[in-house]
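Presented below is the structure to which this report refers.
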Amino acid sequence: MSKHREIGGKPLRPESLMMSYGYDPRLSEGAVKCPIFQTSTFAFESAEAGKAFFEVAYGLREQRRGEKMGLIYSRLNNPDLEILEGRLALWDDAESCSVFESGMAAITTSLLAYLTPGDVLVHSEPLYGGCDHFVKHFLPRLGVIPIGFPAGVPMADLAAELTAKIAGRPVAAALLETPANPTNALVDIQGLSDLVHSLAAPGRPAVVMVDNTFLGPLWQHPLQHGADLVLYSATKFIGGHSDVIAGAASGSAEVMLPIRTLRTFMGTMSGPWTGWLLLRSLETLKMRMTAAMKNARYVADFLADHPKVPQVHYLGHLAEGTPMFDLYHRQCVGPGSMISFDVQGDQAGAFRFLNALTMVKLAVSLGGTESLAQHPGSMTHADIPPADQARMGITAGMVRLSVGVEHYEDLIADLTQALEAV
């Protein structure tokens with residue numbers, strides 16, 4: 001497979017490598033694009049080769065120098081997934097990547113790989129509604145102790161209180177969602193990583209996991225800021241066309257090994273069709289995300305000036321001189337294309353606005369080429385009690401907007417007429 005990452009000594013950028021990295025057309029009848037390897041199993045050249053493949057796959061021995069992981073069965077590995085995982089890892093400069101059937105599959109498999117009864121899981125708030133339910137309602141049934149902290153609070157104001165909550169119990173992992181869904185509140189990845197790593201049990205390092213879905217692999221790189229694992233709902237920006245469900249996890253080979261092993265036995269890996277679709281999407285990732293981010297700046301400025309919008313949550317509007325402004329410039333490459341804003345009139349006002357939209361689709365999800373809007377309090381985060389929603393900054397009038405790649409003036413025209421209905 002072609003894994004050349006430089007030309008004439010000059011490193012190639014990820015957007016260029018998305019066209020060729022990990023794939024050799026000569027192995028597929030000269031096909032320029034990777035074929036779909038729609039097969040459940042692979043034939044071995046010999047019984048000895050099959051034995052060797054299983055020894056490595058099941059961890060019975062280490063791979064020998066120069067030995068490649070052989071193809072066995074599509075629950076273990078598949079060419080489409082192997083090429084996809086190699087390319088995805090480039091964006092976060094990770095050693096290893098695994099692709100899953102959904103973002104929740106990536107998150108739950110990663111958490112289960114590292115948590116045991118009696119462990120503390122530190123997590124930011126708010127989390128996506130599905131994650132919130134898994135962390136607070138399912139994991140405690142396994143004896144895991146979730147301890148939350150608010151996003152958007154500087155480490156200097158957070159460390160002592162969070163340490164007191166942990167109360168000397170062993171911290172096995174942390175799940176950070178930054179920017180937070182749906183408030184866009186930031187978490188200090190380096191600060192939380194340093195704290196969590198210091199509170200781990202002796203001889204058992206804590207694993208800091210960052211859900212990087214909101215900014216995607218372009219606008220934030222958690223592994224460069226102390227995190228051990230970066231997680232994605234690949235359904236969103238990575239897929240980018242609202243036609244595939246997938247997830248991904250990236251990190252060092254050591255951190256990823258238990259996750260990849262558990263993925264094999266739980267069967268949470270993605271299939272070849274999904275892998276092929278994501279390979280297609282990666283070729284336009286930077287163009288799509290850049291276009292959407294540029295649009296979001298115009299849209300956020302419009303909303304901030306509108307009399308029926310009392311508050312806008314957008315990273316590009318953070319006030320200079322504030323702790324979150326400084327954190328944003330240390331941690332993020334760009335503000336992305338996610339905007340949350342309050343519409344006057346609470347839920348009734350938000351519903352009137354949403355029902356009046358014409359071009360922007362009233363739908364959950366995010367990161368697609370089309371713009372999407374939804375009401376977090378009654379939709380994606382409906383499982384969170386109202387009092388907790390209020391504590392997390394999820395207001396009754398909040399709308400979450402994922403800005404797409406349409407012309408920004410057309411988006412503003414649609415938002416303008418929808419706000420007239422409020």
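The values are calculated or read from the model by the stated rules, or taken from the named source; none is laboratory data. This structure is a prediction, so every number in the text was calculated from the model and none was measured. Because the Cβ atoms are built from the backbone with ideal geometry, glycine has one as well, and the counts that use them run over all protein chains shown.
Overview of values
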{"item": "Test: residue in region 72-95 that is free of Cβ contacts under 8 Å to residues at least 40 places away in the same chain and part of a loop (DSSP other than H, G, I, E, B)", "result": "yes"}
{"item": "S281, sole failed condition from (1) in contact (Cβ under 8 Å) with a residue 60 or more places away in the chain; (2) in contact with a helix residue (DSSP H, G or I) (Cβ under 9 Å, 6 or more places away or on another chain)", "result": "(1)"}
{"item": "Region 249-300, residues that are farther than 24 Å from E15 by Cβ, among the small types (G, A, S) and not assigned by TED's automatic domain parsing to the domain that holds Y314", "result": "A253, G267, G271"}
{"item": "Leading residue by the ranking (surrounded by the fewest Cβ atoms within 10 Å (Cβ to Cβ)) among those in region 160-182 that are farther than 30 Å from A373 by Cα and not small (G, A, S)", "result": "E161"}
{"item": "V364 being β-branched (V, I, T), in a loop (DSSP other than H, G, I, E, B), surrounded by fewer than 16 Cβ atoms within 10 Å (Cβ to Cβ) and modelled with pLDDT of 95 or more", "result": "yes"}
{"item": "Output for region 130-153, where each listed residue is crowded, with 19+ Cβ neighbours inside 10 Å and either in contact (Cβ under 8 Å) with a residue 60 or more places away in the chain or of a type in the set (G, A, S) (or both)", "result": "C131, D132, G148, P150, A151, G152"}
{"item": "Whichever residue in region 262-276 is more than 13 Å from P79 (Cα to Cα) and polar (S, T, N, Q) and, among such residues, is modelled with the lowest pLDDT", "result": "T264"}
{"item": "Which listed residue, of V312, V333, is among the hydrophobic types (A, V, I, L, M, F, W, C) and surrounded by 18 or more Cβ atoms within 10 Å (Cβ to Cβ)", "result": "V312"}
{"item": "Residues located in region 16-51, provided they are assigned to a helix (DSSP H, G or I), more than 14 Å from N77 (Cβ to Cβ) and without any contact (Cβ under 8 Å) to a residue 24 or more places away in the chain", "result": "S16, P25, R26, S28, A47, E48, A49, K51"}
{"item": "Residue in region 102-119 that is in a helix (DSSP H, G or I), exposed (fewer than 14 other Cβ atoms within 10 Å of the Cβ) and touching a Gly at 6+ places or on another chain (Cβ under 9 Å) present", "result": "no"}
{"item": "Qualifying position, being farther than 19 Å from V333 by Cβ, crowded, with 18+ Cβ neighbours inside 10 Å, in contact with a strand residue (DSSP E or B) (Cβ under 6 Å, 6 or more places away or on another chain) and of a type in the set (S, T, N, Q), among T235, T274, T268", "result": "T268"}
{"item": "Residues that are hydrophobic (A, V, I, L, M, F, W, C) and either touching a strand residue (DSSP E or B) at 6+ places or on another chain (Cβ under 6 Å) or more than 14 Å from D346 (Cα to Cα) (or both), drawn from region 379-398", "result": "M379, A382, I384, A387, M392, M398"}
